[in-house]
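First up is the structure itself, then whatever we jot down about it.
Bear in mind these aren't lab numbers, they're just calculated from the coordinates by the rules spelled out. These numbers were taken from a predicted model, which means no experiment stands behind them. Here Cβ is always computed from backbone atoms with ideal geometry, including for glycine, and neighbour counts include all displayed protein chains.
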């Protein structure tokens, strides 16, 4: 289901709506947001272990993250994020499938707020920079940040062979 509201100009978007108390303006912010902002909106909570380590509550999802479904029919199902649909604000996980009326297995679209990140895809250097920036905002010392990042990479990052399989699924998706 795509959100469609009458009388909305999709070129009319302002970042100031984000902080509005008006739910009407908040909905307009989400519906009209450009793709680079939608990527930031599609974020999920981190597991307790990661949260305790780096003192950050949530991060934007990336393809290759290992997540757990928290709500709905597929609750407690774990799997890798194989595709993120920024246009419809949906996330697809490799173990969350259903059989449609044509007897084909199809991935179930999930909302990012219903997911919990258990392991991170830290292959991207920009994502590590984002984590460091968020940690600096929490006033953590620079030398401690490097130590925590190395612990994060060793304990809570997705392995290369698993990531290669996920990227293969991502290429086949759609």
Scattering from the C-alpha atoms of segment 43-172 alone, worked out with Debye: what is log10 I(q)/I(0) at q = 0.10, 0.11, 0.16 1/Å? -0.34, -0.40, -0.80
Distance between segment 142-159 and segment 24-73 - C-alpha centres, whole angstrom: 20
Only Cα pairs under 8 Å and at least 6 apart count here; give the relative contact order of segment 43-172 as a rounded whole percent. 28
Provide the descending list of Cα extents for segment 96-148 along its principal axes, expressed in whole angstroms. 56, 21, 15
In the chain the DSSP beta bridges are antiparallel at a rate, in percent to nearest 5, of 85
Give me the number: length gained by fully extending residue 53 to residue 73, i.e. 0.36 nm times residue separation minus the C-alpha to C-alpha distance, one decimal in nm. 4.1 nm
Separation between the residue 25 and residue 169 pseudo-spin-labels, each 7 Å from Cα along Cα→Cβ, expressed in nm? 4.1
The extension gain from residue 140 to residue 35, computed as 0.36 nm times the residue separation minus the Cα-Cα distance, is 34.7 nm
